[in-house]
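The values are calculated or read from the model by the stated rules, or taken from the named source; none is laboratory data. Worth saying up front: this structure is predicted, and the values here are computed from it rather than measured. Cβ sites come from the backbone with ideal geometry, for glycine too, and all protein chains shown count toward neighbours. Accessible surface areas use protein heavy atoms only, side chains included; no ligands, DNA or RNA. Shrake-Rupley method; radii C 1.70, N 1.55, O 1.52, S 1.80 Å.
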Amino acid sequence: MTLPKIDVPIYDITLPSNGNTIKIRPFVVKEEKLLLMAIESGDNENIIKTTKQVINNCIVSGDIDLEKMPFFDVDYLFIALRAKSIGESIETSYVCNNMVDGNKCGGIFETVIDISNCTVEKKDDITMDISLSNKLSMKMKYPSYSIMKMISSNENNFQKKIRIIASCIERITNGDQVYSSKDFSKEELVNFIDGLTREQFVKLENFVDNLPSFAIQTGGVCPKCGSEHKIKYTDFTRFFQ
Ligand SMILES: [Zn+2]
């Protein structure tokens with residue numbers, strides 16, 4: 001005799017980037033364990049790999065390639081899965097950092113994060129087609145989840161930005177010539193960016209500085225000094241701790 005097979009519910013999720021609907025199931029205990037172990041290991045590469053693996057397992061329909069999806073769609077899927085699997089609200093506490101009479105307040109207050117309340121903030125005036133001179137232009141794409149998470153935080157900001165820009169290039173057009181980024185290595189693309197003028201670079205920098213961001217707002221009132229705090233979350237792995 002075998003134990004009964006467990007039926008899991010299926011949910012529709014609409015992707016923020018293109019409005020397409022896909023079907024997901026919540027993650028099961030085994031998968032939650034994998035995520036927790038990855039987070040506890042503190043190994044960034046392991047966290048990314050496990051997160052993608054669990055998301056992949058939970059997608060039950062739709063032709064989805066996480067590597068090709070914009071990073072904020074993957075973040076969104078992950079949050080949606082967390083909400084459907086564990087629950088939509090997470091209680092946390094904060095320490096108030098307000099300065100009161102020259103000292104940190106230190107008051108502790110509780111808040112509840114409602115993860116069904118997440119939003120993708122997209123700037124309307126950001127274009128995917130960037131003109132660098134009258135002959136030279138670039139078609140951009142959003143970076144993938146792996147790229148956004150792997151670019152290590154100890155790298156300085158400028159270097160990090162150049163690597164993100166390089167991974168956002170879809171193609172380069174110079175007069176009649178079109179160069180697809182697929183045909184070039186990351187190093188070649190970085191070298192190309194290094195050769196741009198300051199003015200041209202600023203246009204690309206503006207693109208990555210204004211990438212859509214995925215955020216959840218919450219807030220609370222400090223019981224000690226009475227000030228109101230608005231808190232914005234953009235890192236989601238901590239929702240599993
Ligand atoms: Zn306070």
Practice prompt. Run Met128 past the list (1) closer than 17 Å to Pro212 by Cα; (2) surrounded by 13 or more Cβ atoms within 10 Å (Cβ to Cβ) and report the number of the one that doesn't hold.
Written response: (2)
Discussion item. Please return the ranges of helices (runs of 4 or more DSSP H) entirely within region 141-215 where 3 or more residues are touching a strand residue (DSSP E or B) at 6+ places or on another chain (Cβ under 8 Å) and closer than 24 Å to Asp125 by Cα.
Written reply: 198-209
Worksheet item: What residue, of Ser181, Ser185, Ser152, is surrounded by fewer than 13 Cβ atoms within 10 Å (Cβ to Cβ), modelled with pLDDT of 95 or more and of a type outside the set (A, V, I, L, M)?
Response: Ser185
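Filter region 47-72 for residues that are open to solvent by 50 Å² or more (accessible area, probe 1.4 Å) and assigned to a helix (DSSP H, G or I) and give the result.
Pass one, region 47-72, residues open to solvent by 50 Å² or more (accessible area, probe 1.4 Å): 49, 53, 56-57, 60, 62-63, 65, 67-68.
Result: Lys49, Gln53, Asn56, Asn57.
Report yes if Leu35 is among the hydrophobic types (A, V, I, L, M, F, W, C), more than 19 Å from Ser116 (Cβ to Cβ) and open to solvent by 60 Å² or more (accessible area, probe 1.4 Å), otherwise no.
So Leu35 does not fit the description; no.
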Fill in: region 1-46, residues that are aliphatic (A, V, I, L, M), in contact with a Phe, Trp or Tyr (Cβ under 8 Å, 6 or more places away or on another chain) and either free of Cβ contacts under 8 Å to residues at least 40 places away in the same chain or in a helix (DSSP H, G or I) (or both)
Leu35, Leu36, Ile39
Item to complete: Could you please let me know if Gly219 is open to solvent by 50 Å² or more (accessible area, probe 1.4 Å) and either modelled with pLDDT of 95 or more or more than 16 Å from the chain's Cα centre (by Cα) (or both)?
Response: no
